[in-house]
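This report concerns only the one structure given below.
The values are calculated or read from the model by the stated rules, or taken from the named source; none is laboratory data. Remember, it's a predicted structure, so these values are computed and weren't measured experimentally. With ideal geometry, Cβ positions are generated from the backbone for all residues, glycine too; neighbour counts draw on all protein chains shown. Just so you know, the surface numbers come from the protein's heavy atoms only, side chains and all, with ligands and any DNA or RNA stripped out. Shrake-Rupley method; radii C 1.70, N 1.55, O 1.52, S 1.80 Å.
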Amino acid sequence: MPRPIQATIHLGALRHNLARARHAAPDAQIWAVVKANAYGHGIERVFDSLRAADGFALLDLDEASRIRALGWRGPIWLLEGVFETRDLELCSRLGLWHTVHCDEQIDMLALHKTHEPHRVFLKMNSGMNRLGFAPGRYRAAWTRLNALPQVDEISMLTHFSDADGPLGIAAQVARFEEATRDLPGERSLSNSAATLRFGSDAAAKADWVRPGIALYGSSPDFPAQSAQDWGLQPAMSLSARIIAVQHLQPGDSVGYGSQFVAEQAMRMGVVACGYADGYPRSCPTGTPVLVDGVRSRTLGRVSMDMLVVDLSGLPQAGLGSTATLWGQAANGATLSIDEVAQAAGTVGYELMCALASRVPVVVV
Ligand SMILES: *Cc1c(COP(=O)(O)O)cnc(C)c1O
């Protein structure tokens, strides 16, 4: 028997979350962001449930090829554009839309030989300060691109630094609007947080939104709003069996470093999931977990292949019980990945992307 651990990908949840994004931006077209192998879910696994999107956005040429291999003929967008000249050949061959965020990418395009001119997204740096042309240099870049025979339509994008936080998007939207005011072409501004949070901002919703994390059922602005508050369903569950039960006496400790010491007699279960499966080692005692669908907590340090859960008050639970580390339990109870991420001092994004390849995945 393989190790009793399993990740489950819930196709119904993906469909539901995509519909939820559509509802939040009814007039926009939707790029389903599937970078990082669909945030750890697996591009091939999620593709069919997300094909109601208007396009797929990602970073790697390899991922773009995989989407084409699945039969997708619609738009595919390389969010960071190309990394070297020969990448443009694959863009031509696969009909990829690609971001242009720097002069060097325009230089590469100018030297590229293609029968079909490319659809490009010209990126503005409106405050994030990672990729893109500063507002004052944007128009010159647009003009240069527009003069290239290699370029078909030019769309425009920017990316928000604080769509999930108190700063919000207003200043960046204003900068973007001002610098692009009379330029023709489609616009794309909003990630999940902006799509869900700023329903009233029409500028931020035009013409394409780019939800990623929301599709996978994690809240972009947890803990301000939970996935449940946003009406999102977890697309990934991670569960494992209890493979041993221990009875602790007062003063007994658990695991490496004796980080948890029992104050009274108690029962605990050893779960076949550890940091080598993608469960964060940084989760301290008290991290929430579901045992047979009932909320409990972890005890002590997470080790490579195991972690320990509190069975106090769970007399029915024991050897063979299922621990849901995040996602949905068999009884319908859910534990948001965001809660576990918070305990680890990170975000749901990182946990889902870090699901280890040794964990068997089933799709339901
Ligand atoms: C990853 C990414 C997104 C999606 O962000 P979420 O927060 O997951 O919704 C949108 N746009 C760009 C440019 C990205 O890189």
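Key figures
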| item | result |
| --- | --- |
| Approximate spin-label separation ASP48-ASP27, in nm, with each point projected 7 Å along Cα-to-Cβ | 3.6 |
| Extension gain from GLN316 to MET304, taking 0.36 nm per residue of separation minus the Cα-Cα distance | 1.6 nm |
| Proximal lysines to LYS113, defined as alpha-carbon separation beneath 24 angstrom and excluding residues fewer than eight positions away on the same chain | LYS123 |
| Fully extended contour minus Cα-Cα distance, from ASP60 to MET128, at 0.36 nm per residue | 22.3 nm |
| Amide N proximity, the range 328-363 versus PHE83 label position 7 Å along Cα-to-Cβ, cut-off under 20 Å | 353-354 |
| TYR256/VAL294 FRET efficiency (R0 25 Å; Cβ-Cβ; nearest 0.05) | 0.40 |
| For the chain, calculated [θ]222 nm from helices alone, where every DSSP H run of n ≥ 4 adds -39500 (n - 2.57) | -7500 deg cm²/dmol |
| Cα shape, the range 106-196, gyration tensor, a/c 1.5 rule | prolate |
| Percentage, to the nearest whole number, of Cα pairs in the chain over 31 Å apart | 42 |
| Mean shadow area of the range 236-363 over all directions, Cα convex hull, nm² | 7.2 |
| Additional length obtainable on full extension of the chain from ALA224 to ARG3, 0.36 nm per residue less Cα span | 75.9 nm |
| Most mobile of TRP326, TRP72, TRP208 in a GNM of the chain (Cα contacts under 10 Å) | TRP72 |
| Anisotropy class of the range 11-216 from Cα gyration tensor, a/c 1.5 cut | oblate |
| ALA19 versus VAL361: modelled label distance in nm, points set 7 Å from Cα along the beta carbon direction | 2.4 |
| Point-charge dipole on Cβ atoms (K/R +1, D/E -1) for the chain, about Cα centre, debye to 20 | 440 |
| Percent accessible area from carbon and sulfur atoms, the range 236-363, protein chains only, probe 1.4 Å | 50 |
| Part-to-part distance (alpha-carbon centres) for the range 180-209 and the range 214-231, which is given in Å | 20 |
| ALA244/ARG281 FRET efficiency (R0 22 Å; Cβ-Cβ; nearest 0.05) | 0.65 |
| Straight-distance crosslink candidates among aspartates and glutamates, where the alpha carbon sits under 12 Å from LYS205 and sequence neighbours closer than 8 are dropped | ASP27, GLU186 |
| Dipole of the range 11-216 [Lys/Arg +1, Asp/Glu -1 at C-beta], most positive-end residue of LEU61, PRO149, ALA19 | ALA19 |
| Most positive-pole-ward Cα, GLY42, MET128, CYS283, against dipole of the chain from beta carbon charges | GLY42 |
